[in-house]
Amino acid sequence: MDNEKARELNEKYATLLILDVPEGSTIGIDNKVWTSGPMFKGVKMIPPGVHMFHCTSSNEYGDSVLISSSFIWVNEINNNKKNNNNNNNKDNYVGEETNGSQQVFIKRWNKEEEDFFPDQSITEQEIQSYTYAVRNFEFDKNLAPYPFDGTQIQWNLLTSHITKSLLDRILPISNIINGDSCSYDQQQNSASSKKEKKLLNDLDLKLKQFNESRGSPSTSSTTTTTTTTTTTSSTTNNSKSKNWGVPYFSKIPKNPIIQNSTATTTTGNNSIDISNLSKWNIDKSECIEFIINKYYKDNEMDLLGEIEFCFVLFIFGMTWSGFQQWKELVTLFLSCDELVLKKPILFIEFFKILKNQLQEAPNDMFESELSNRVFIKPLLKQFIESVYNPEFTNLEQLSPIQLQLFKTIIDLKNYVSNKFNWNLNLFNQINFNNNYNENNNKPFGIKKEYNENNKNKDDDDDEDDDDDEEEDNNNNNNNSNEKSINYQQQNNYDNEDYDSEDDEYKPVLVMDTDMNYL
């Protein structure tokens, strides 16, 4: 990149100023990572769109502390020019200055806490001073250029549906997300709080019994009141602190929503519509529609943006809560039936996103017995079997958008089979493509493969009541099985439709001209 081009990008693209970060810290912007040197002060020439800053530093003993992540949104230069005449600070992040053409974001390291200060701690005067210095190139020699080396292409694919409106809704107040502590510590705090409350209640009970035995109930009453007040105050403080720095993920309902039905039951404080309970557990379409209507009514594609947000937060920010939410949302999409027909475009984009994410995921991400057999692999099988009838699906009868969805799913199926060595042999080894069906008069279909365990129904219909019928039927079955096996060999079928893990036969893709024979 020549100097003139670099100066142009430096003036119109954003700058992230990172102050007081310890030398040797691991600094990341999007999917690119460096080690900070003694003169490092930030990153310049950050292009428009969403970007993720993440940092892992070392303490005075050389031990790595938890990773901290922040998200920023860089506006298009044309939008900035329009806003110059009428600057509206409510659309800007704290620690961000946009009065000129160049956006400046400011992060400052807290040495005592070994973490970044919340954005709110940076004063307006400091923002203006640092912004003026950046725009006058006073920090230029301390700023690393954004990596325009091709890695941004993959980042754009991973975050193509993340919008500014989504970040405004989902980011925590501090705009700082700390590793997996924001989920693990919550669980530990919750468990500790419950244990502490139980111990205090037991202590209150024993103390009350002891005081009553001595004839002094007033002391017990006072002690109980004091303890209760202390516990309530502690619980309130824990509730406030545990939500600090935690993203505002969409809350996924666990039970069907009441819709003016008299057939209801109550579980705890929740009312459940019995008529929809079975359907809710089988088909999650209603659940996704509820989430869209509650959180993303103006733009349903932002739900896909949340899936992308959770994934990059887990992969690059090492945040366990991000993985948990990503897993929940992916499970919902792979557990839908009716919604696939109502919103095919949403599912086309979802499967494209899922493929992009699995391309970035490490090869051993799903090697554990739990994730391999309970998560994506069986759900992907189940989704295809449910949406596309395994007995017969004529692809020529599908609408163009449904056909595009089918191609997208098969493309994902082929990819995960190759990368993770999964046996998703719902179809035979023929890959779906536009050139396979050379004769347009012969449409594709999905039909179960004939195998040696299937009996010839035509022979069974000709059964007689003679005593020798059993022997004749066995001979007919053997001949039919040999005929089917020879037919498969002539057509070069791999006969890999048997899944030893699931102990069942799966459907294969065949031609309509072969339907009658099979």
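Can you list the helices (runs of 4 or more DSSP H) lying wholly within the stretch 280-344 that have 2 or more residues being touching a residue at least 60 places away in the same chain (Cβ under 8 Å), in the same structural domain as Cys55 (by TED's automatic domain parsing) and in contact with an Asp or Glu (Cβ under 6 Å, 6 or more places away or on another chain)? Let's see the steps before the verdict.
Numbers: elements: 285-295, 302-315, 320-334, 338-342.
Hits in the stretch 280-344: none.
Which count do you get for residues in the stretch 2-22 that are within 27 Å of Glu112 (Cβ to Cβ) and either of a type in the set (Ser, Thr, Tyr) or touching a Ser or Thr at 6+ places or on another chain (Cβ under 6 Å) (or both)? Break it down into steps so the answer makes sense when it comes.
As a first pass, look at the stretch 2-22 and keep what is within 27 Å of Glu112 (Cβ to Cβ): 15-22.
If we keep only those that are either of a type in the set (Ser, Thr, Tyr) or touching a Ser or Thr at 6+ places or on another chain (Cβ under 6 Å) (or both) too, we end up with 15, 21-22.
So the answer is 3.
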- Search the stretch 352-364 for residues being modelled with pLDDT under 95 and in contact with an Asp or Glu (Cβ under 8 Å, 6 or more places away or on another chain), and hand back the single one that is surrounded by the most Cβ atoms within 10 Å (Cβ to Cβ). Gln357
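Is it true that some residue in the stretch 409-418 is at pLDDT 70 or above, among the charged types (D, E, K, R) and within 27 Å of Phe290 (Cβ to Cβ)? Show your work before the answer.
Step one: list which residues in the stretch 409-418 are at pLDDT 70 or above, which gives 409-418.
If we keep only those that are among the charged types (D, E, K, R) too, we end up with 411, 413.
Retained after the next criterion (residues that are within 27 Å of Phe290 (Cβ to Cβ)): none.
Checking the stretch 409-418: not a single residue is at pLDDT 70 or above, among the charged types (D, E, K, R) and within 27 Å of Phe290 (Cβ to Cβ).
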- Can you tell me which residues in the stretch 319-348 are surrounded by fewer than 19 Cβ atoms within 10 Å (Cβ to Cβ) and under 21 Å from Phe71 (Cβ atoms)? Trp320, Phe323, Gln324, Lys327, Glu328
- Message: Under 8 Å between Cβ atoms, which residue pairs at least 6 apart in sequence (or on different chains) link something in the stretch 376-387 that is modelled with pLDDT of 80 or more with a partner that is basic (Lys, Arg) and part of a helix (DSSP H, G or I)?
- Response: Leu380/Lys413
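Could you look through the stretch 23-46, keep only residues that are in contact with a Ser or Thr (Cβ under 9 Å, 6 or more places away or on another chain), among the hydrophobic types (A, V, I, L, M, F, W, C) and over 21 Å from Val312 (Cα atoms), and pick out the one that is surrounded by the most Cβ atoms within 10 Å (Cβ to Cβ)?
So the first thing to find is which residues in the stretch 23-46 are in contact with a Ser or Thr (Cβ under 9 Å, 6 or more places away or on another chain), and the list is 23-28, 30-36, 40, 42-46.
With the extra rule that they be among the hydrophobic types (A, V, I, L, M, F, W, C), the set shrinks to 27, 33-34, 40, 43, 45-46.
The next check asks that each one be over 21 Å from Val312 (Cα atoms); those that pass are 40, 45.
Numbers: Phe40: 17, Met45: 23.
Selected residue: Met45.
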- Query: How many residues does the stretch 135-163 hold that are of a type in the set (Lys, Arg) and loosely packed, with under 14 Cβ neighbours inside 10 Å?
  - Reply: 1
- Message: Looking only at the stretch 1-30, count every residue that is free of Cβ contacts under 8 Å to residues at least 60 places away in the same chain and more than 17 Å from Ile46 (Cβ to Cβ) and tell me the total.
- Response: 7
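Please tell me if Ser69 is out of contact with any Asp or Glu (no Cβ under 9 Å at 6 or more places or on another chain), among the hydroxyl-bearing types (Ser, Thr, Tyr), over 25 Å from Tyr132 (Cβ atoms) and at pLDDT 90 or above.
Values: out of contact with any Asp or Glu (no Cβ under 9 Å at 6 or more places or on another chain): yes; among the hydroxyl-bearing types (Ser, Thr, Tyr): yes; over 25 Å from Tyr132 (Cβ atoms): yes; at pLDDT 90 or above: yes.
For Ser69, the condition - out of contact with any Asp or Glu (no Cβ under 9 Å at 6 or more places or on another chain), among the hydroxyl-bearing types (Ser, Thr, Tyr), over 25 Å from Tyr132 (Cβ atoms) and at pLDDT 90 or above - is met.
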- Query: Which residues, taken from the stretch 35-58, are of a type in the set (D, E, K, R) and either within 23 Å of the chain's Cα centre (by Cα) or in a strand (DSSP E or B) (or both)?
  - Reply: Lys44
- Query: Just for the stretch 274-291: of the residues that are within 16 Å of Leu341 (Cβ to Cβ) and among the aliphatic types (A, V, I, L, M), which one is surrounded by the fewest Cβ atoms within 10 Å (Cβ to Cβ)?
  - Reply: Ile282
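The values are calculated or read from the model by the stated rules, or taken from the named source; none is laboratory data. Remember, predicted model here, so these are calculated numbers, not experimental data. Positions of Cβ are backbone-derived with ideal geometry, glycine not excepted, and every protein chain shown enters the neighbour counts.
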